[in-house]
Amino acid sequence: MVTEKLDIRLRNPIPIKDSSLHVTKLKKLITTIEEHPDHLLGLSNRHVVSARQFTTESVLQLIRLAANYESFPLFLSRPLAGKILITAFYEPSTRTRLSFESAWQQLGGDIMSITDPATTGMAKGESLEDIAEMFNNYCDVVVLRDTHEDSVYRMINSLIVPIVNAGNGIDEHPTQALADMYAIFRWRPILTRLNLPEEQKIKVGIIGNPSQMRTVRSLLLFFSLFSYMVKEIVIINPDNDIFSEGQREELESSGLYITKTGSITERLRELDVIYINSIAWIGDTYERLTSDLKLSKDSPLKPDSIILHPLARGKELDVSLDKTPHNWYFIQARGALFLRMALLNSLLKTP
Amino acid sequence: MVTEKLDIRLRNPIPIKDSSLHVTKLKKLITTIEEHPDHLLGLSNRHVVSARQFTTESVLQLIRLAANYESFPLFLSRPLAGKILITAFYEPSTRTRLSFESAWQQLGGDIMSITDPATTGMAKGESLEDIAEMFNNYCDVVVLRDTHEDSVYRMINSLIVPIVNAGNGIDEHPTQALADMYAIFRWRPILTRLNLPEEQKIKVGIIGNPSQMRTVRSLLLFFSLFSYMVKEIVIINPDNDIFSEGQREELESSGLYITKTGSITERLRELDVIYINSIAWIGDTYERLTSDLKLSKDSPLKPDSIILHPLARGKELDVSLDKTPHNWYFIQARGALFLRMALLNSLLKTP
Amino acid sequence: MVTEKLDIRLRNPIPIKDSSLHVTKLKKLITTIEEHPDHLLGLSNRHVVSARQFTTESVLQLIRLAANYESFPLFLSRPLAGKILITAFYEPSTRTRLSFESAWQQLGGDIMSITDPATTGMAKGESLEDIAEMFNNYCDVVVLRDTHEDSVYRMINSLIVPIVNAGNGIDEHPTQALADMYAIFRWRPILTRLNLPEEQKIKVGIIGNPSQMRTVRSLLLFFSLFSYMVKEIVIINPDNDIFSEGQREELESSGLYITKTGSITERLRELDVIYINSIAWIGDTYERLTSDLKLSKDSPLKPDSIILHPLARGKELDVSLDKTPHNWYFIQARGALFLRMALLNSLLKTP
C-alpha cells in the first residue's frame, strides 16, 4: 500500500513554479504607482486598527512597497533585526498568525507567540490594560486578534508600542482587506489611476454579510477610498438585514454605488471581481452562511474575472476553481505576506 | 458606534513616554554601586534555583548590570547569538515566559517554548530526569516553571546546562524577587550603601503569606542579605499561621526585625515600601487572599512611599493608584526584563 | 526542608561532561566514510517522507555530515539565516519538535511552531491541501507530524517547499531511524564498510511491533540498505501477527535474515544491538506493549552490546541501565539533533 505512494513526487526534486508572469505584472504595478514614500512615513509609530485610518495614497504606497518586496525577495535586508513582535491570538488562528510572524522574521525580527488564551493572565482575571502595559516592556509591535471588538481599543489605553488589529470580533480586519486590495491592483495595475476611463471601471460582487463579517467591513471601507474605480458593488446575500446601522450610508457617501441581490447567479456574469467568504465570527465562535452561495468552475463567471477569498475556505469555494484563471485567492494569500511586511516595516520606520 | 472610536489615539502618532527622569535615577544607581564584575563571574555556568545562592555583592552587581542595560539599550550587543533558550512552562504563565524570552532575544539568542503540559512527554509518563537529558541536547539554558517544588531539583540530577527556576510550586521565584530588589534600589540608590545612616533605613510592609507565596519567600531571603537597610518588616495578614517551619527564625537570624499585623491600615502610614500580592499557588492551582487587604489611592499611604506588586494583579491593587507616584509596580515590571537579561548573560559568561 | 536541598549541585558550577572519547569515535567514523558530497546533492529540494527514498550511499554521507557537525560545533556557520521552518505537530510531541527546531536554529534559521491542532484551520474544516498552499507562502521547509498516514502525502499535492515526515500515523518516521543508524555506525565505524568480514557482522534484536510502530518500520527499511552488515534480525514479540502485508517479504528480498522470538531472554545474550520501544501509535492515540518485555541492568546482555530506544521511555527500559555502557540511547538522542541538521541543510543546498 505504502510502496505505491512512493511515486514521482518523491522520486524527483520539487518542481519550481514558473512565476515569471507574476513578476512581470508586479513590475507593471510598481511602475504604474508613482513613488511617494512620505505617505508611508505617515504610518510610522501608529496603531493600525481600522481601515478608516488609511488614505488612498497611503494604501497605494503600501501596495507599491509590497510589490517591491514580492518582486525582489533576494534584495530584502533585515531592517527589523533586534526588534520583537508579539502575536497575541486570543482568538486562535494559525493562518493569520503565521502570516505576521513570517513577515516579521523575513525582515530580520524575532517573535513571541501567545496562542492559548487559557495560559494568559487574562485567565486569572488580568485586565487588557495591564497586559498592554506588559507588552510595552517586551516588544516593539503587538499583533492582536480577539473575539471582542473592544479589546484592541482597551489595550491602546496603555500601549506605547504600535498595535495591529488582526481581527476584533465582527468589527474589522484591516490588514486582510489591504491584502485584498493588493490582489486587485496587481491583477489590473491600471486601476490605481485616479483618472480611470469609464470603460475600465469594475463591478465587484461580495458574497457575504457586511454587518457580521469583519473582512467584508474593512474591505468595503477600502473600496470607499477607491470609489473612482468601482462601477458597482453588488452584495450577494439572501438575507435582508445585512448592513449595520449607518454602514450603507457611510459607504455611499464616499461615492460607492451599492446594490444587493439574493441570487448568486443573477449578476455573476457581469462581475469582474467576486469576493466570497462564508465564515462570520459571532462572539466567541463562528457561523457559516447557511445557504447555497457556492462557486465552482461551472458557475457562470465572466471570462476574465477573478475570485478572492480570505481563506480558510469551506464548501462555498470549490476546488474545481483552483486550476482556472479565476483563482486569484492563492495569489491574494501569498501577497498578504508581502503586504504585511510593508506595513510592519512602515510602522517602525523613523522619519 | 465604531466610528466614534477612531479618536485622537488613532489619528496621532503614539506618544513617547518621557523617561529622562528614570534614566537619571538609573545613572545615579550605576555610579553608587562600585563595579566588581568578578562577583558576576561567580554566577557563570550555575543553576539559579534559590535566593539562598546569592550574596549581597552578587545581587548588587546584577542590579548594576541591569541598570546599565536599561539606561543604554542602544549599546546592547548580541552576546547570545547562536545560543538557544528553552522556556518550559509546565505551570502556564505568559507574563514570566515572555519576560525571559524577550530578555534572551534582546541579547541575540533564539528561543523554543513549551507552553502546554499536555503536549509533552510528561503526559506519556516521561520522567523529569529524561526530559532534562533531552534539554541538554537542544539548548544552552532552561527556564522552568512547574507547580511542583521538586521538579527543578529533579531536573538538575540530569542537566549539564544551567536551569533558572521561574517558580517552583509555593517554594521560590528568585528572579522575580531580584527584580523587586532592583525596583527598590533604583528608587533610592543610597540603600545600596552598607554604612547606611539609621535615619535612611526603611520600613517594608508585605501584604501576603510568607509560607504560601513563592514571590514573598524569595523576597524575604533577599532582604536578609540587605538587613542593614531594613528598620522593620511588617507582615500584613489577618491569619496566624503564616510562616513555614523555621522560616521566621532563619530570617531573623540574618538581622531582620519582623513584626506582624492583621490590619492593613494600622501601620500603612509608616511604611516606605509596600509589597502586595494576592495570589498564592497551592499545588496545581491558585487561591486569592480572601480578605479586604486592598490598596487604592484613598489608602493612608506615606507620601513618598512606593508600592510593589509582581503582577498580574486582582482587586487588591486598585487602578486608581496607577497614575500616582506610589505606582512603582510598572517600573518594577519593566526592570524585571533588564534584570533577567543581566542574569541570563552572566550564566553564560566564561571567566 | 528546602535548605537541605541547597546542596553541592547548587554550590558549584555545573560539571562539564568529558566527551573526548565520543569525539575520538566520531573522528574515526568521519575518516572511515569516504566523502562523496554528490550523494547529498541528491537530497536537495526533495521531500523526505519514507526510508525508501534513501540509498546506502546517501545515508552514509548524511551520517558523515552529522558526525562533522557533532565533532566541530564551533565551526558551524549559519547557512539557514533568513530561512524559516514551520513545525506542524498536529500529533503533539515536544521532543521531536524541539529536536527539529533546535537543529534549524543552530544553523541560523528562524522557526514558527504549530503545537495545538485546535487552533488551526483544520479545526474549521480546512483541507490539508489548502494548509500546504499556505505553508508555501510562509516558510522554506515544513516538518509534519500527524496521526494520519495520508496527511503528508496529501500536503505534497500542494507543496512547493520540502516537507519532512516526522511521524505519520503508524507508517514511518524516517529521521528517527536515520538517527538510529547514526548511533549504530558511531558505535562501530567499521560497519560502514561494504566488504565487512563475516565475524564483524552484527545480530540486531528489535523489541516491538514492525506493523504497528512507525519507528520500527523505518528502521527495518534502513537495515535493508545495509543488509551486508546484519547477520540476523530478531524480532522480540510474543504476538504472532506482527508484520503488515508484504512487509517481511520486502525486507527479506533485500537480503535480511529475520527471525522471531516471543521471549525476551531467549536470544538476548547473542545480540549486539537491542532496539526497544514500547509505544505504538494507533490512530489518534497510542498503546503500550502490554507485556513483560523489559530491560534492566540485570538482563542477560552481551557484554559489549548497546541498547537503542527512540524515547520517551516507559517502564520497558529501566533507569538502572543509564550508567552502564549499554546505554547508547542518550548518545542516540543527542545524535538525532546533528543528523537532522545534516538532513535539513542538505534539503536546501543548491547544487
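Figure legend. Inter-residue proximity from the range A:15-42: first residues closer than 23 Å to A:Lys349 by Cβ, second residues of a type in the set (D, E, K, R) and modelled with pLDDT of 90 or more, beta-carbon distance below 7 Å, spacing 6+ or different chains. Indicated pairs: A:Leu26/A:Glu70; A:Leu26/A:Arg186; A:Leu29/A:Arg186; A:Ile30/A:Arg64; A:Ile33/A:Arg64; A:Glu35/A:Arg64; A:His36/A:Glu57; A:His39/A:Glu57.
Flag not set for C:Val234, criterion: surrounded by 13 or more Cβ atoms within 10 Å (Cβ to Cβ) and either under 18 Å from the mean Cα position of the chain (by Cα) or part of a helix (DSSP H, G or I) (or both). Looking across the range B:6-20, the residues that are exposed (fewer than 10 other Cβ atoms within 10 Å of the Cβ) and at pLDDT below 75 come down to B:Ile8, B:Ile16, B:Lys17, B:Asp18. For the range B:148-198, a residue qualifies if it is farther than 28 Å from B:Tyr329 by Cα, without any contact (Cβ under 8 Å) to a residue 40 or more places away in the chain and assigned to a helix (DSSP H, G or I), and the qualifying residues are B:Arg154, B:Met155.
Return the residues of the range C:49-81 that are within 24 Å of B:Asp110 (Cα to Cα), crowded, with 18+ Cβ neighbours inside 10 Å and not polar (S, T, N, Q); say none if nothing qualifies. Correct list: C:Leu65, C:Ala66, C:Ala67, C:Tyr69, C:Glu70, C:Leu80. Report yes if A:Ala103 is buried (at least 22 other Cβ atoms within 10 Å of the Cβ) and not polar (S, T, N, Q), otherwise no. Yes; evaluated as a whole, the condition is true for this residue.
Of all residues in the range C:34-44, none are more than 30 Å from A:Arg78 (Cα to Cα), in the same structural domain as C:Thr115 (by TED's automatic domain parsing) and in contact with a Gly (Cβ under 8 Å, 6 or more places away or on another chain). Within the range B:302-342, restricting attention to residues that are among the charged types (D, E, K, R) and under 13 Å from the mean Cα position of the chain (by Cα), the residue that is farthest from B:Ser77 (Cα to Cα) is B:Arg334.
Within the range A:117-139, the presence of a residue that is closer than 28 Å to A:Leu308 by Cβ and either surrounded by fewer than 23 Cβ atoms within 10 Å (Cβ to Cβ) or in contact with a strand residue (DSSP E or B) (Cβ under 9 Å, 6 or more places away or on another chain) (or both) is excluded.
Given the criteria more than 8 Å from every other protein chain (Cβ to nearest Cβ) and either over 23 Å from the mean Cα position of the chain (by Cα) or farther than 30 Å from C:Val152 by Cβ (or both), does C:Ile63 qualify? Considered against the rule, which asks whether it is more than 8 Å from every other protein chain (Cβ to nearest Cβ) and either over 23 Å from the mean Cα position of the chain (by Cα) or farther than 30 Å from C:Val152 by Cβ (or both), C:Ile63 comes out as no. Scanning the range C:202-221 for residues that are surrounded by 22 or more Cβ atoms within 10 Å (Cβ to Cβ) and under 21 Å from C:Glu270 (Cβ atoms) turns up C:Val204, C:Gly205, C:Ile206, C:Ile207, C:Gly208, C:Val216, C:Leu219, C:Leu220. Reported count of residues in the range A:202-244, each being closer than 16 Å to A:Asp272 by Cβ, touching a Phe, Trp or Tyr at 6+ places or on another chain (Cβ under 8 Å) and not aliphatic (A, V, I, L, M), is 3.
Among the residues of the range B:177-205, which ones are under 18 Å from B:Phe54 (Cα atoms) and of a type in the set (S, T, N, Q)? Residue satisfying the conditions is B:Thr192 alone. Being of a type in the set (Gly, Ala, Ser), farther than 18 Å from C:Arg95 by Cα and more than 7 Å from every other protein chain (Cβ to nearest Cβ) is true of B:Ala166.
If you go through the range B:299-320 and keep only what is in a loop (DSSP other than H, G, I, E, B) and within 12 Å of chain A (Cβ to nearest Cβ), you end up with B:His309, B:Pro310, B:Leu311, B:Ala312, B:Arg313, B:Gly314, B:Lys315, B:Glu316, B:Asp318.
Table: residues versus (1) away from chain B (no Cβ under 11 Å); (2) farther than 23 Å from C:Lys83 by Cα.
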residue	(1), (2)
A:Thr96	yes, no
A:Gly108	yes, no
A:Glu126	no, yes
A:Cys139	no, no
A:Val152	no, yes
A:Ile156	no, yes
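All told, B:Ala88 falls short of being touching a Lys or Arg at 6+ places or on another chain (Cβ under 8 Å), more than 24 Å from A:Ile86 (Cα to Cα) and modelled with pLDDT of 95 or more.
The values are calculated or read from the model by the stated rules, or taken from the named source; none is laboratory data. It should be emphasised that the depicted structure is a prediction, and the values quoted were computed from it without experimental measurement. Cβ: placed from backbone, ideal geometry, glycine included. Neighbour counts: every protein chain shown.
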